[in-house]
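Before any comments, here is the structure.
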Amino acid sequence: MKPEENKFADVPLRVKTWIYIILVFALGISHPLAMKIFVSWISFQCFFEFLRMFKVNINKIISSIFVGVSQFFLLFFLNIENYFLYSLALSIIILLSFLLLKSSGKQLSGIVIGLIVCLFAFPHLAFIRENISGIYAIIFIVVVTELNDVFQYLMGKFFGKHKIVPKISPNKTLEGFLGGVFLTIILSNILGFFLLNSNILTNTILGFILGISGFFGDVFMSFLKRKNNIKDTGNLLPGHGGLLDRMDSLIFNAPIFFWILPFLLKM
């Protein structure tokens, strides 16, 4: 079978995995406490994948557990302002511990990036769940972000001809990017009307921004993987790779959505 005839061969496996992802997501957002546990588990798993990606083999599991458990207690006991302050202190402690273990400069850079993503970016999902329109907002941001990935993937498969970042992610195309953003704007208007009770202008701006920033989150992670000569960050999700491979578009989208939504809702 020719490659172009087999380009959808992985779709059934990806769809099957999506069913499990949706079930876990539904359970994770079902209650504020469940959301804290869910986000803490995400940070544990993703920090572990960061350490593996940058070949940090000393205290990999222990450090990841420490990040996840510490994050849960910070989310549970602290408000958002104090959370960031204590997370910064926690990050410094973790970084110093790896310095004492004589980690290389490249490993330390990976640890820093992992701490920023896991302790400062992903926790915005919990903040969204508790502070902005509750469960409806978290459904909106996750569904829009993940389907933006799907839209760009499928549009690229069907219509992709012009490589957009060939040295970082050869499979990404200009057609996939533009088509994905366009469909994300439409989806944002549909979901925004039902979930956020927001107007067309707000929904369009959200779709446009999240479509673009989600793409750059994906490209950012692709850049890190290429620098470390790996295809996937793990094998937790068959057809997708690691959890970090599935969460990469939320690295920028979650914080951006949390901070801009209150302003857009006032429009």
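Before moving on, here are some points about what is shown:
- Per principal axis, descending, Cα span of the stretch 1-96 in whole Å: 55, 35, 21
- Under Karplus coefficients 6.51, -1.76 and 1.60, residue-wise ³J(HN,Hα) of the stretch 192-205 in Hz, glycine/proline x: x, 4, 8, 9, 10, 6, 9, 7, 5, 4, 4, 5, 5, 4
- Using the 1.4 Å probe convention, the accessible area of the stretch 119-207 works out to 46 Å² per residue with neighbouring protein chains retained.
- Rolling a 1.4 Å probe over the protein heavy atoms of the stretch 33-191, with every protein chain left in place, gives an accessible area that is 74 percent carbon and sulfur.
- Length gained on full extension, Asn59 to Phe193, computed as 0.36 nm times the residue gap minus the Cα-Cα distance: 43.5 nm.
- Across the chain, the mean sequence separation of Cα contacts (distance under 8 Å, 6 or more residues apart), normalised by length, yields a relative contact order of 20 percent.
- From the coordinates shown, Cα extents along the principal axes in Å corresponds to which of (1) 65, 42, 34; (2) 55, 42, 35; (3) 51, 49, 28: (3)
- Between the stretch 138-175 and the stretch 17-38, the alpha-carbon center distance in angstrom: 24 Å
- Label-point separation in nm, Asn79 to Ile260, each point 7 Å along Cα→Cβ: 2.7 nm
- Solvent exposure, largest accessible area first (probe 1.4 Å, DNA, RNA and ligands not counted), of Arg14, Arg52, Arg246: Arg52, Arg14, Arg246
- Normalised by residue count, the stretch 103-158 yields a Cα convex hull volume of 84 Å³ per residue.
- The average projected area of the stretch 108-253, computed from the convex hull of its Cα atoms over all directions, is 8.9 nm².
- Measuring between alpha carbons in the structure, the pairs from Lys163/Lys231; Lys106/Lys157; Lys60/Lys231; Lys102/Lys172 lying more than 27 angstrom apart are Lys106/Lys157; Lys102/Lys172.
- DSSP-loop chymotrypsin sites (Phe, Trp or Tyr not before Pro) across the stretch 26-66, with at most 13 other Cβ within 10 angstrom: none
- What the pair-distance distribution of the stretch 53-136 shows, using all Cα-Cα distances binned every 10 Å from zero, is 16, 48, 26, 9, 1 percent.
- The order of Ile186, Ile200, Ile29, Ile113 by accessible area, most exposed first and with a 1.4 Å probe, is Ile200, Ile186, Ile113, Ile29.
- Stretching Ser104 away from Leu33 to a fully extended chain increases their span by 21.8 nm, per 0.36 nm per residue minus the current alpha-carbon distance.
- Residues within the reach of a label modelled at Leu95 (point 7 angstrom out along Cα to beta-carbon, backbone nitrogen below 19 Å), restricted to the stretch 111-125, are 111-123.
The values are calculated or read from the model by the stated rules, or taken from the named source; none is laboratory data. Because the structure is a prediction, the values reported are computed rather than measured. Methodologically, a virtual Cβ is constructed for each residue, glycine included, from the backbone with ideal geometry; neighbour enumeration extends over all protein chains shown. Accessible surface areas use protein heavy atoms only, side chains included; no ligands, DNA or RNA. Shrake-Rupley method; radii C 1.70, N 1.55, O 1.52, S 1.80 Å.
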